[in-house]
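As structure tokens, the structure follows; a few thoughts come after it.
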Amino acid sequence: MFWRAGRHEFRFPRPTLVMGVLNVTPDSFSDGGQFYSIEKALERAAQMLREGADVLDLGGESTRPGAVSVSAEEEIRRVVPVIEVLARRVSVPLSVDTQKPEVARAALLAGASIVNDIAAHRADGAMARVVAEFRAGYVAMHMQGTPQTMQQNPTYSDVVHEVDAFFTERLARLEALGVRREQVVLDPGIGFGKTLEHNLVLLRALPRFAHHGRPVLLGVSRKSFLGKLTGAESPADRLPGALACAALAVRDGVQILRVHDVRETVAAVRVAEAIASGT
């Protein structure tokens, strides 16, 4: 199995990829405003690379529950200048975390290689056509509703079956629109239109998604369900829970982890890999 993202290619099995989160926003739930300027964003990117990040994921719009949407123009203004500089300075793939095809296009033109799309359930094919045109990597995430509505009353008859069926349908739809399977990564969307119990059921079921033959990405870093389980109210205090999830995800065959705390996650993952492989 391999993942093609523009000029980058990853072949699996290989050490778990760690995707470092870089929010160029004033209002993200965990670090909004910390890296809002270009200078601060570049400093943070350099730090994550020193700590072992394999991919950098840049977002210009908060997707926390209830977040207010911003215009495509504003999102482009936030992320594209950072991507342009990083594309000249670093060799790792750059990902843009966006729901908007016009933002994805601008980011890919600026040097990004991956589109991380929380709204992969959309009916129109505009995003898929952009991804196909650039032969970019594409993270197709499951979400029920929108960031504004997703946590109001998420309901499933069988959350694992419904997420799995979504992956099957999306892979077929993407292929029909010109996106090759080798470009696609699947993300079950922990915390996006799920209750605490839905999240836990999905985390137990991660091996179920291997039959699609595509890498699975997991993003649990600093999320509120960890706070509910541990009593950690501040997102920054949820690291121990996130590391527990990361280690178990490695055991269960997850190939990519999207995280805020790169250094700690890389260390936990390398230990988990050594235990799992018997070396």
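Annotations
- Of all residues in region 16-31, those being touching a Ser or Thr at 6+ places or on another chain (Cβ under 6 Å), more than 17 Å from Ile114 (Cα to Cα) and either at pLDDT 90 or above or among the charged types (D, E, K, R) (or both) number 1.
So that you can scan it fast, the table gives a plain yes or no per residue for (1) among the aliphatic types (A, V, I, L, M); (2) closer than 18 Å to Val115 by Cβ:
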| residue | (1), (2) |
| --- | --- |
| Gly60 | no, yes |
| Ser71 | no, no |
| Ala87 | yes, yes |
| Ser91 | no, no |
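- Looking across region 171-198, the residues that are out of contact with any Pro (no Cβ under 9 Å at 6 or more places or on another chain) and part of a helix (DSSP H, G or I) come down to Leu171, Ala172, Arg173, Leu174, Glu175, Ala176, Arg181, Glu182, Gln183, Leu196, Glu197.
- Some residue of region 67-74 being surrounded by 22 or more Cβ atoms within 10 Å (Cβ to Cβ) and either of a type in the set (Asp, Glu) or part of a helix (DSSP H, G or I) (or both): no
- Filter pass, Arg64 being modelled with pLDDT under 95, basic (Lys, Arg) and either closer than 22 Å to Ala267 by Cβ or within 18 Å of the chain's Cα centre (by Cα) (or both): yes
- Flag if Val163 is touching a helix residue (DSSP H, G or I) at 6+ places or on another chain (Cβ under 8 Å), crowded, with 23+ Cβ neighbours inside 10 Å, within 27 Å of Gly66 (Cα to Cα) and β-branched (Val, Ile, Thr): yes
- Selected residue (criterion: modelled with the lowest pLDDT) from residues of region 35-48 that are surrounded by 15 or more Cβ atoms within 10 Å (Cβ to Cβ) and touching a helix residue (DSSP H, G or I) at 6+ places or on another chain (Cβ under 7 Å): Phe35
- Top-ranked residue in region 168-190 [being farther than 25 Å from Arg7 by Cα and without any contact (Cβ under 8 Å) to a residue 60 or more places away in the chain; ranked as surrounded by the most Cβ atoms within 10 Å (Cβ to Cβ)]: Pro188
- Among residues of region 132-157 being within 20 Å of Leu171 (Cα to Cα), among the hydrophobic types (A, V, I, L, M, F, W, C) and assigned to a loop (DSSP other than H, G, I, E, B), the one that is modelled with the lowest pLDDT is Met143.
- Any hit, region 75-98, residues being part of a loop (DSSP other than H, G, I, E, B), under 16 Å from the mean Cα position of the chain (by Cα) and surrounded by 21 or more Cβ atoms within 10 Å (Cβ to Cβ): yes
- Helices (runs of 4 or more DSSP H) lying entirely in region 216-279 (those with 1 or more residues that are in contact with a strand residue (DSSP E or B) (Cβ under 6 Å, 6 or more places away or on another chain) and either closer than 26 Å to Phe2 by Cβ or without any contact (Cβ under 8 Å) to a residue 12 or more places away in the chain (or both)): 239-251, 262-277
Each row is one residue, and each column tells you yes or no for (1) under 23 Å from Met19 (Cβ atoms); (2) of a type in the set (D, E, K, R).
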| residue | (1), (2) |
| --- | --- |
| Ala165 | no, no |
| Gly178 | no, no |
| Arg181 | yes, yes |
| Ile190 | yes, no |
| Asn199 | yes, no |
| Ala210 | yes, no |
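The values are calculated or read from the model by the stated rules, or taken from the named source; none is laboratory data. This one's a predicted model, so the numbers in the text were calculated from it and none came from an experiment. Note that each Cβ is placed from the backbone with ideal geometry, even for glycine, and that neighbours are counted across all protein chains shown.
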